[in-house]
Amino acid sequence: MSFQYDENNRVHRLIRTIAVLAVSLVAFVLIWWFVTYMADMKAFPTPDKVFDALIDLIRDGDTINHHTLGEYIYSSFTTFLKGFAIAFAVSVPLGLLLGYVRPMREITAPWIEIIRPIAPIAWAPIFIISFGLELGPALVVAVGIFFPMLTSIIFGVQRIDSNWIEASKTLGASQPQIFVKIVLPATVPYILNGMKVGLGVGWMCIVAAELYAKQLGGIGHYLLMMTDNGLWANAFAAIIVIAFLGLITTGLAEYFSKVVSRRMGMDA
């Protein structure tokens, strides 16, 4: 009895995805174990030690400050959501405006190119001192999410077929009507795509934000506390938690983006 893979069969595709994922993870762990075993460096523990530390963190929480993993995740997730909300509220209208109004885009392009390469961690002390613990760390995350969203939205507006806009003008549509009924709907897939990329960058900024906001006690702070105490396996356990949270949020964003793009008949 031979198995014939069918690309159009959903079950076959699911089995293939699971098999590829399993092989990829096993290969990753084997390479990790081999490199750390050969390097024999304290700061790079083997997978079995990290796995034990992760289980301890899930089961017993932080043995130094006696916080649970749930408390750390809740704190980081709260900061992350605030940062995402700020980035979304600013980048969407600004991206649409800059994409649609060419003179504004040309004037602001140098500003964006100057500020965009600055790492969010550079803003962390400035934001936290200026805006406090309530808003400062969220702004650090917002900076990380903002630029991928902004550039994706501007790109999306520029890709709109000019014939659509010209046809609308011929039919008597006003500029606000063109903006609401053509520009905004056509840009939705690009908003979602930028959001997906931005969410991944946002989790990178959590450690930077919590580096200067230890009072918040997020998972980034736990990571830094473990490195300060030389508990490298625990630090890597925290990295795995951050990676897992990032995978969940970006995975959901990607799924949502694909569903919306498919329904709109567009590829972002």
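The values are calculated or read from the model by the stated rules, or taken from the named source; none is laboratory data. Since we're looking at a predicted model, the values are computed, not measured. We place every Cβ from the backbone using ideal geometry, glycine too, and count neighbours over all the protein chains shown. The accessibility values were calculated without ligands, DNA or RNA, using every heavy atom of the protein model including side chains. Shrake-Rupley method; radii C 1.70, N 1.55, O 1.52, S 1.80 Å.
Only one of Ala237, Ala233 is buried (at least 17 other Cβ atoms within 10 Å of the Cβ), in contact with a Lys or Arg (Cβ under 6 Å, 6 or more places away or on another chain) and among the hydrophobic types (A, V, I, L, M, F, W, C). Can you tell me which?
Sole residue among the options that is buried (at least 17 other Cβ atoms within 10 Å of the Cβ), in contact with a Lys or Arg (Cβ under 6 Å, 6 or more places away or on another chain) and among the hydrophobic types (A, V, I, L, M, F, W, C): Ala233.
Taken over region 183-241, the criterion of being in contact with a helix residue (DSSP H, G or I) (Cβ under 7 Å, 6 or more places away or on another chain), at pLDDT 90 or above and over 30 Å from Tyr255 (Cβ atoms) is satisfied by Met226, Thr227, Ala233, Asn234, Ala235. Listed conditions (1) of a type in the set (Gly, Ala, Ser); (2) at pLDDT 85 or above; (3) not in a helix (DSSP H, G or I) are all met by Ser2, apart from (2).
Looking across region 43-78 at every residue that is under 25 Å from the mean Cα position of the chain (by Cα) and of a type in the set (Gly, Ala, Ser), the one that is farthest from Ile31 (Cα to Cα) is identified as Ser75.
Just checking, does region 126-137 include any residue being out of contact with any helix residue (DSSP H, G or I) (no Cβ under 9 Å at 6 or more places or on another chain) and open to solvent by 70 Å² or more (accessible area, probe 1.4 Å)? No, every residue in region 126-137 fails to be out of contact with any helix residue (DSSP H, G or I) (no Cβ under 9 Å at 6 or more places or on another chain) and open to solvent by 70 Å² or more (accessible area, probe 1.4 Å). All conditions but one from (1) touching a residue at least 60 places away in the same chain (Cβ under 8 Å); (2) part of a helix (DSSP H, G or I); (3) closer than 25 Å to Asp56 by Cα apply to Gly230; the one that does not is (2).
This table checks each residue for (1) under 24 Å from Asp228 (Cα atoms); (2) out of contact with any Pro (no Cβ under 9 Å at 6 or more places or on another chain); (3) not in a loop (DSSP other than H, G, I, E, B).
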residue: Asp6; (1), (2), (3): no, yes, no
residue: Leu14; (1), (2), (3): no, yes, yes
residue: Met41; (1), (2), (3): yes, yes, no
residue: Leu57; (1), (2), (3): yes, yes, yes
residue: Ser75; (1), (2), (3): yes, yes, yes
residue: Lys82; (1), (2), (3): no, no, yes
residue: Leu97; (1), (2), (3): no, yes, yes
residue: Glu106; (1), (2), (3): no, yes, yes
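Every condition in (1) free of Cβ contacts under 8 Å to residues at least 60 places away in the same chain; (2) open to solvent by less than 30 Å² (accessible area, probe 1.4 Å); (3) under 16 Å from Thr78 (Cβ atoms); (4) not acidic (Asp, Glu) is met by Ile160 except one, and the failing one is (3).
Restricting attention to region 36-56, the residues that are open to solvent by 80 Å² or more (accessible area, probe 1.4 Å) and either among the acidic types (Asp, Glu) or over 15 Å from Ala233 (Cβ atoms) (or both) total 4. Number of residues in region 103-117 that are within 16 Å of Ala87 (Cα to Cα) and open to solvent by less than 80 Å² (accessible area, probe 1.4 Å) equals 2. Consider region 3-28 and keep the residues that are charged (D, E, K, R) and more than 30 Å from Phe236 (Cα to Cα). The one that is least open to solvent (accessible area, probe 1.4 Å) is Asp6. Being touching a residue at least 24 places away in the same chain (Cβ under 8 Å), over 18 Å from Phe244 (Cβ atoms) and open to solvent by 50 Å² or more (accessible area, probe 1.4 Å) is a description that does not apply to Ile31. Looking only at region 197-219, residues that are of a type in the set (D, E, K, R), open to solvent by 50 Å² or more (accessible area, probe 1.4 Å) and in contact (Cβ under 8 Å) with a residue 12 or more places away in the chain come to 0 in all.
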